[in-house]
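Have a look at the structure below before the remarks.
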Amino acid sequence: MIGDIVIAGGGLAAQRCAETLRRSGHDGRIVMVCEERSRPYDRPPLSKEALHDGVDMDALSFRPDAWYTDNDVELLLGTGARGLRAEERVLELDGAPALHWDRLLIATGSRPRTLAQLARFDNVTSLRDAGDARILSRVLRPGARLLIIGAGFIGQEAASAARRAGADATIIEAGAGPLSHILGSEVGAWLSAMHHSRGVTLHLSSEVDSVSGGREVGSVTLTDGSRVECDHVLVAVGVTPSLDWLAGTPLGPGAIRADADGGTSLPGVFAAGDCAATLDPALGMHVPGNHWESAARQGTRAAKAMLGLDAPAPGISSFWSDLHGTRIQYLGHAQSADAVSFDGDREAHDFTATFTREGRPVAVLLAGRPQQLPQARQLLSTTTR
Amino acid sequence: MSYTATIDAGACSAHGDCEAIAPEVFRLDDVAVVIGSGEDELMLEAARACPAVAITITDAGSGVQLFP
């Protein structure tokens, strides 16, 4: 008999955990501790359509308000986790009485990294939550000048949204090309060319050297000597696990190592989503989160494990991005590749990039070919599993 | 109403887009499951929207696979 289950976090992994617990027959107490004031919502649209269409919380929410009452899931909104007393099985909260738990899921996600030299300015934001998306969607007007620091997927999607809105977009990237440290120089070059063709200015192998402005950043000077004027700065230089609240426990501040079912080194404590580094049995290594599908699966698996139920072996997680109207999908782990081959037409944004290591496929990137995903998944599952 | 949908459970990652588009055909459990049938075009739309391309649509009359 499982007693109270507490879920620290209100993102995708947390939501999937709660849903799976109820669906699997757990009829005990479930409490979700959500730092944000909105009920759990989906984040990928925040850097995509929400920047164009505006932020509609009812559309972004995973479930309507009634779902939580109908399923007897207690939502503590605007309440952060503050501390863990693992031996007593107690979660301390900000501004609310501590909760006793029999099983605890830690799914507090991640927060954007910031840059100290930009921290004091009013027109500098990140893009992580609905509030950030609201600000950026208001900034993106014809003629507005958006400066983006970091050419990861968030930065590139913001550039794509900016151009769609008629705003200017400039990206500063420390690496030699967008995502080239992960996807290699050829895919990086393709992404660069795509942005150029859509009017995005890219400064590669470049960083912010100095910043001028009063309350707002007016311009930045880069390490390559160029100067970029801007109306707004988006800092998109990655995320770090939101685990400061676990100081003094054996967990954090780095991503929590979890087994394939989310179990941690502490009895009764599970971890999932962006704050976890979850064991991938096929790879034999702990993989940090930060992707939608892995967070969804981990939340589901943790719920099953809490109840002592078996979960099917996880499939290969993919993730997707939409850049300038082209759907990009990626699955596998290209970092270990020693070669990449292309099939299709890169200029037409219609191709498959297959990454291999010693001739064996380890990752696939699809551009403009969503219907090819099953074949890509099949290719990887027969060679890496 | 002659199309049938099947879901590759290993590929489905429970995005839920199919349920949102055609709730009379798809329901989200641990993964999406087919619970009924619906308008042909709606089923195709749901299959096209699936980010994991986990839905196959077949014309039950001719046996021809229509998507993906």
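The values are calculated or read from the model by the stated rules, or taken from the named source; none is laboratory data. Just so we're clear, the structure is a prediction, and the values are computed from it rather than from any experiment. Don't worry about glycine lacking a Cβ; one is built from the backbone with ideal geometry, like all the others, and counts go over all protein chains shown.
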Can you confirm whether A:R111 is assigned to a strand (DSSP E or B), basic (K, R), surrounded by fewer than 21 Cβ atoms within 10 Å (Cβ to Cβ) and in contact with a Leu (Cβ under 8 Å, 6 or more places away or on another chain)? no
Yes or no: B:P68 touching a Phe, Trp or Tyr at 6+ places or on another chain (Cβ under 8 Å) and either at pLDDT 90 or above or within 11 Å of another protein chain (Cβ to nearest Cβ) (or both)? no
Region A:333-347 residues that are of a type in the set (D, E) and in a strand (DSSP E or B), paired with ones that are modelled with pLDDT under 95 and surrounded by fewer than 16 Cβ atoms within 10 Å (Cβ to Cβ) (beta carbon under 6 Å, 6 or more apart): none
Note on region A:260-308: residues over 21 Å from A:P250 (Cβ atoms) and of a type outside the set (G, A, S) are A:D280, A:P281, A:L283, A:N290, A:H291, A:W292, A:E293, A:R297, A:T300, A:R301, A:K304, A:L307
Which count do you get for residues in region B:1-37 that are buried (at least 19 other Cβ atoms within 10 Å of the Cβ) and more than 14 Å from chain A (Cβ to nearest Cβ)? 6
I'd like the residue in region A:117-156 that is part of a helix (DSSP H, G or I) and touching a strand residue (DSSP E or B) at 6+ places or on another chain (Cβ under 6 Å) and, out of all such residues, is farthest from A:D231 (Cα to Cα). A:F153
Residue count for region A:241-257, restricted to those that are surrounded by 20 or more Cβ atoms within 10 Å (Cβ to Cβ), of a type outside the set (S, T, Y) and in a loop (DSSP other than H, G, I, E, B): 4
Kindly indicate which of A:P374, A:P314 is in a loop (DSSP other than H, G, I, E, B) and under 30 Å from A:R23 (Cα atoms). A:P314
The residue that is surrounded by the fewest Cβ atoms within 10 Å (Cβ to Cβ), considering only those in region A:1-25 that are more than 26 Å from A:A277 (Cβ to Cβ) and within 14 Å of another protein chain (Cβ to nearest Cβ), is A:G25
Residue in region A:21-37 that is nearest to A:D261 (Cα to Cα), counting only those that are in a helix (DSSP H, G or I) and modelled with pLDDT of 95 or more: A:L21
Subset of region A:38-78, residues in a loop (DSSP other than H, G, I, E, B), in contact with a helix residue (DSSP H, G or I) (Cβ under 7 Å, 6 or more places away or on another chain), of a type outside the set (D, E, K, R) and free of Cβ contacts under 8 Å to residues at least 60 places away in the same chain, comes to A:P40, A:F62, A:N71
For A:S321, state whether it is touching a strand residue (DSSP E or B) at 6+ places or on another chain (Cβ under 9 Å), under 22 Å from A:S192 (Cβ atoms) and either surrounded by fewer than 16 Cβ atoms within 10 Å (Cβ to Cβ) or more than 10 Å from chain B (Cβ to nearest Cβ) (or both). yes
Does A:P312 fit the bill of being more than 24 Å from A:I154 (Cα to Cα), within 13 Å of another protein chain (Cβ to nearest Cβ) and loosely packed, with under 15 Cβ neighbours inside 10 Å? yes
Could you please find all residues in region A:326-385 being hydrophobic (A, V, I, L, M, F, W, C) and within 14 Å of chain B (Cβ to nearest Cβ)? A:I328, A:L331, A:V364, A:L366, A:L373, A:A376, A:L379, A:L380
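Conditions tested, residue by residue: (1) modelled with pLDDT under 90; (2) out of contact with any Gly (no Cβ under 7 Å at 6 or more places or on another chain); (3) under 26 Å from A:S47 (Cα atoms); (4) within 14 Å of another protein chain (Cβ to nearest Cβ).
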position: A:D231; (1), (2), (3), (4): no, yes, yes, no
position: A:A258; (1), (2), (3), (4): no, yes, no, no
position: A:H291; (1), (2), (3), (4): yes, yes, yes, yes
position: A:T300; (1), (2), (3), (4): no, yes, yes, yes
